[in-house]
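Asks: Please see the structure below; I have some questions.
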Amino acid sequence: MKHSNLIVGILIGLVVAGGLFAWRGAAGQNASDATGATPRRELQIAHALPTGHPVHQGIEAFAKRLEALSGGRITCTIFPSGQRGSETECLEKLQTGSLDFTKTSTAPVSNFVPVFSVFSLPYLFNDAEHYWDVLEGEIGREILDRSTSLANGQPSGMVALCYMDAGSRNFYSNAPILTPADVAGKTIRTMRDPIAIAMIGAMGGKAEPMPFGELYSALQQGNVDGAENNPPSFVESRHVEVCKQFTFDHHTRNPDLFIASQALWEKLSDQEKEWVRTAASEASRVQRKLWKDGTRQALKTMREEGVTIHEPDLKPFQEATAPVIEEFATGEVAELVERIRNVAEEDTP
Ligand code: EAX
């Protein structure tokens with residue numbers, strides 16, 4: 001008996017050791033060279049968007065730049081299209097250290113770090129210029145730096161590195177949405193975000209939160225009447241095949257965030273952190289250009305695929321969603337809203 005227990009013990013030991021050996025990438029310093037002096041890292045990035053999307057291309061720019069800056073010592077593998085789970089699941093993987101980087105909207109991050117909810121408020125920004133003035137200024141930096149702690153002060157498991165352009169969010173469906181009354185009675189997919197859910201409710205619709213990767217079939221099967229997003233996401237995820245009415249009501253501008261795992265971050269040397277930060281800020285700039293081209297291309301595809309594009313009066317949408325700001329902009333979020341609005345005033349000549 002004792003003998004067989006020993007054999008079982010050895011076998012378990014081998015399996016565990018094998019598992020640890022195979023556990024590469026996430027938060028990992030995988031191997032040192034023969035002298036042990038130069039760590040090589042193979043890091044993993046996962047996100048929910050398809051590879052034709054300008055945000056994916058921005059992430060590729062990050063990986064390439066990081067590899068170059070580190071002289072090939074840090075390489076990244078990208079898992080796109082929800083291969084490693086939904087945006088919330090990717091954030092949870094950052095927290096456990098089983099993933100090194102992800103890109104998500106600010107909306108799922110706000111469920112962990114509430115200050116990010118400011119970006120879910122309807123009509124917070126006047127236009128793209130106001131949005132980028134805030135993101136690239138003091139307020140944007142301040143919010144990014146808050147990503148490392150939960151509301152209770154405990155570590156969040158995340159280090160947000162930079163913003164990426166995600167344009168504005170807009171309704172699409174098969175029935176034209178020209179006023180908030182057209183949202184009433186419809187089931188609209190949203191992100192898992194209390195503010196987005198309340199916003200649809202304020203227009204008399206029903207929000208159906210679900211991961212982005214499940215939306216194509218929900219639209220196709222008629223489980224939801226519509227959704228809301230930017231043109232590149234609409235086109236690259238092929239929702240354009242199943243929805244033929246797109247309305248530029250610009251209700252929110254939730255930026256995307258490129259985020260490192262705190263578990264990885266704590267393992268990096270100061271030099272490596274600097275490479276990662278530099279690669280992220282360069283990728284953010286490159287991605288803003290890719291975004292413009294990607295949006296232009298998406299609009300062209302939408303026209304070719306027979307989508308009717310509406311540019312409605314925004315005022316009724318702003319009025320219908322104003323109670324959501326009243327409800328959710330409290331405490332420090334209310335202060336941020338005021339500061340963000342002041343940035344727009346400073347911009348006005
Ligand atoms: O972050 O879930 C969504 O609608 C997001 O816009 C998308 O995945 C990008």
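The values are calculated or read from the model by the stated rules, or taken from the named source; none is laboratory data. As the structure is a computational prediction, the values presented were derived from the model and not from experiment. Here the Cβ positions follow ideal geometry from the backbone for every residue, glycine too, while neighbour counts run over all protein chains shown.
Asks: Looking only at region 234-254, how many residues end up being under 18 Å from Thr106 (Cβ atoms) and either crowded, with 24+ Cβ neighbours inside 10 Å or free of Cβ contacts under 8 Å to residues at least 60 places away in the same chain (or both)?
Replies: 4
Asks: Given the structure, is Ile259 at pLDDT 95 or above and assigned to a helix (DSSP H, G or I)?
Replies: In short, no.
Asks: Within region 208-224, track down each residue that is more than 21 Å from Pro54 (Cβ to Cβ) and surrounded by fewer than 23 Cβ atoms within 10 Å (Cβ to Cβ).
Replies: Glu208, Pro209, Met210, Glu214, Ser217, Ala218, Gln220, Gln221, Gly222, Asn223, Val224
Asks: Still on this structure: Determine, yes or no, whether Glu67 is closer than 24 Å to Ser237 by Cα and not aromatic (Phe, Trp, Tyr).
Replies: Against the criterion (closer than 24 Å to Ser237 by Cα and not aromatic (Phe, Trp, Tyr)), Glu67 does not qualify.
Asks: Residue under question is Gly153, and the condition is that it be away from the ligand (no atom under 16 Å from the Cβ), within 22 Å of Lys93 (Cα to Cα) and without any contact (Cβ under 8 Å) to a residue 60 or more places away in the chain; does it hold?
Replies: Against the criterion (away from the ligand (no atom under 16 Å from the Cβ), within 22 Å of Lys93 (Cα to Cα) and without any contact (Cβ under 8 Å) to a residue 60 or more places away in the chain), Gly153 qualifies.
Asks: From the list Gly222, Gly205, which one is touching a Lys or Arg at 6+ places or on another chain (Cβ under 8 Å), of a type outside the set (S, T, N, Q) and more than 14 Å from the ligand (Cβ to nearest atom)?
Replies: That would be Gly205, the only listed residue that is touching a Lys or Arg at 6+ places or on another chain (Cβ under 8 Å), of a type outside the set (S, T, N, Q) and more than 14 Å from the ligand (Cβ to nearest atom).
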